[in-house]
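Novice: Before I ask anything, here is the structure I am working with.
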Amino acid sequence: MIQEEHFKLILLIGAVLTFMMAFFLWFYPRNFFSNKVLGVLTFFWGLTVLSFVFQSKEFYAKYPHLLGLGTSLILLFFPLMYMYIKTFLYKDSRQVRKFILHFIPMLAFLIAFSPFYFQGGAVKSEIILAGIPQWLRGLFKIADMTIVAQGIFYTVISVRLLQHFQYFRSKRLSKVQLSAVQWLKQFVIINIFLWAIGTSGAMLELSKVSFEFDLFKVYYLGLTVLTLWMGYFTLQKPHLFSEGQSIRYMTLEVKAEKESSTKEGEENNQDLENLMKYLNESKPFLNNEMALQDLVDGTGLTKHRISEVLNNELRKSFYDIINEYRTKEAMRLMDEGLHKDHTLTHLAEMAGFNSKATFNRIFKKNTGKTPSQYINSLS
């Protein structure tokens, strides 16, 4: 019992330090958007640790409006992690409205939980003392499964984001910038490690399997340690938490001023090379719903930069380039004889076109022949 109280005291102290870290990240530096995101995430960590320290039937009966707070906050952990990483790397992503869809699971949980929240305080206390009703237990289980899925989904897209960024910008990054990317990778790894511990604890709880010690205690202690570790980093490596000169150039924003026309030409060539390499290797144009945003996600360049490079270097628009690639893909399929076993409509879909009419029009525009005429020329 004494050990239990000591452990809770440690977590309580950790939560207070977490709140201090959150306010520091929010206000310093004043205009670094991603630090504000990390500050919000850190603040939610602290609230979640507090909810774990004080959780008990008696506590929630006294403060029934706090029931479900921890779960709703945990549903924001991974979306905010991804938001922090993306806004750290890409300056044109630093708008909350671009991430609204990522908050839907938390909003859905609150809406589903609202029949309980809208009860009077006394009624809610009676419900808690009598035992959490089955529909609430089911809702918590659904939320737990959603958190498990979030861990997988956001880890994959966060790692992919970092890989694309480093791959396409590896020749331009300084040692300071590379250390910042390394910090973000470590941040993801630690979060997924904590997710694995929390998920294991949830699975054991759902399956009603007893374990030697409470994995949730390890999870919340891990959150506290992570915050203290971040505090150490802010003192030892302040450039990771400030938008200094080295970080500003990681945003991949198109610079309004160039040192010289030679430098501008070199940068255009490098960006064009990255674009063409991504198109040739990943072939995103095979997706008939491909949009300019797919090139943004795949290359790390902004929409404005992609359009500028294509217009200046190739004198073509995004859609012109994509349709050319799709036309070449269709020609390749025909050259290999696939038209003998498939309809032209099917070949058009395989090449990325969304309709036969568009396929015919674009194919003739780029080759001077209709698809049927091209097939006849092969024989």
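Novice: Using the 10 angstrom Cβ neighbour count as an exposure proxy, how do Tyr325, Tyr232, Tyr219 rank, fewest first? Could you put the intermediate results ahead of the total?
Specialist: Numbers: Tyr325 20, Tyr232 10, Tyr219 23.
The most exposed by this proxy come first: Tyr232, Tyr325, Tyr219.
Novice: Follow-up. Which shape class, rounded, prolate or oblate, goes with the stretch 261-378 when its Cα gyration tensor gives a ≥ b ≥ c as root eigenvalues, a/c under 1.5 marks rounded, and past that a/b bigger than b/c marks prolate? Walk me through the numbers on the way to the answer.
Specialist: Numbers: a/c = 2.54, a/b = 2.12, b/c = 1.20.
It is prolate, given that a/c is not under 1.5 and a/b is the larger ratio.
Novice: Which value, in debye to the nearest 20, describes the size of the charge dipole of the stretch 261-378 about its Cα centre when Lys and Arg Cβ atoms bear +1, Asp and Glu Cβ atoms bear -1, and nothing else is charged?
Specialist: Details: 16 positive and 18 negative charges, 129 e Å.
Approximately 620 debye in magnitude.
Novice: Using 0.36 nm per residue, how much length does the chain from Asn312 to Ile111 gain when fully extended, once their Cα-Cα distance is taken away?
Specialist: Values: separation 201, 0.36 × 201 = 72.36 nm, distance 4.96 nm.
Stretched out fully, the Asn312 to Ile111 stretch lengthens by 67.4 nm.
Novice: Another one. Whole-Hz Karplus ³J(HN,Hα) for the stretch 371-377, in order, using 6.51 cos²θ - 1.76 cosθ + 1.60 and θ = phi - 60°, x for Gly and Pro?
Specialist: Going residue by residue, I get x, 5, 5, 5, 4, 5, 6 Hz, with x marking Gly and Pro.
Novice: Which whole-number percent is the relative contact order of the stretch 261-378 (Cα, under 8 Å, 6+ apart)?
Specialist: Values: 87 pairs, mean separation 26.2, N = 118.
Over the stretch 261-378, the number comes to 22 percent.
Novice: Where a ≥ b ≥ c are the square roots of the eigenvalues of the C-alpha gyration tensor, would you call the stretch 2-250 rounded, which needs a/c under 1.5, or, failing that, prolate if a/b is larger than b/c, or oblate?
Specialist: Working: a/c = 1.97, a/b = 1.78, b/c = 1.11.
Because a/c hits 1.5 or more and a/b exceeds b/c, the stretch 2-250 counts as prolate.
Novice: Can you work out the PRE-style zone for Lys8? Point 7 Å along Cα to Cβ, and I want the residues of the stretch 20-59 with backbone N under 13 Å.
Specialist: 50-59
No value in this document is a laboratory result; all are computed from the given coordinates. Predicted, not measured: the structure shown is a model, and the values here were computed from it. With ideal geometry, Cβ positions are generated from the backbone for all residues, glycine too; neighbour counts draw on all protein chains shown.
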